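The values are calculated or read from the model by the stated rules, or taken from the named source; none is laboratory data. Quick caveat, the model's predicted, so the values are computed rather than measured. Don't worry about glycine lacking a Cβ; one is built from the backbone with ideal geometry, like all the others, and counts go over all protein chains shown. For accessibility, only protein heavy atoms count, side chains too; no ligands or nucleic acids. Shrake-Rupley method; radii C 1.70, N 1.55, O 1.52, S 1.80 Å.
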Amino acid sequence: MAALIVVGEGSALKGRQVRVMRRGEAQYVGTAFSDHDVVAILQAAGLSDPEEVLDDPRWVRWCGGRAWKPLP
């Protein structure tokens, strides 16, 4: 199974685009500048516990690698 959430490559100035797979296509749901932003974007998109899946490659694909430190 492919990841359902894709966090794109980015930079500190431009952030990273976050996309969620819905109905077979990747839909843009926001731009993140930190893990906190990724969590907030995914919660707004309807995922109830996004912090639980950030490090699970079955759920999240980090393009260009994981840029931020894991949440405490």
Every pair of residues 6+ apart whose Cβ atoms lie under 6 Å, when the first sits in segment 17-33 and is over 14 Å from TRP62 (Cβ atoms) while the second is of a type in the set (Lys, Arg) and open to solvent by 50 Å² or more (accessible area, probe 1.4 Å): ALA26/ARG19; TYR28/ARG19
Hey, can you tell me all the residues within segment 1-52 that are surrounded by fewer than 16 Cβ atoms within 10 Å (Cβ to Cβ) and touching a Cys at 6+ places or on another chain (Cβ under 6 Å)? GLU9
Counting only residues that are under 14 Å from GLY65 (Cα atoms) and in a helix (DSSP H, G or I), segment 1-50 contains a total of 1
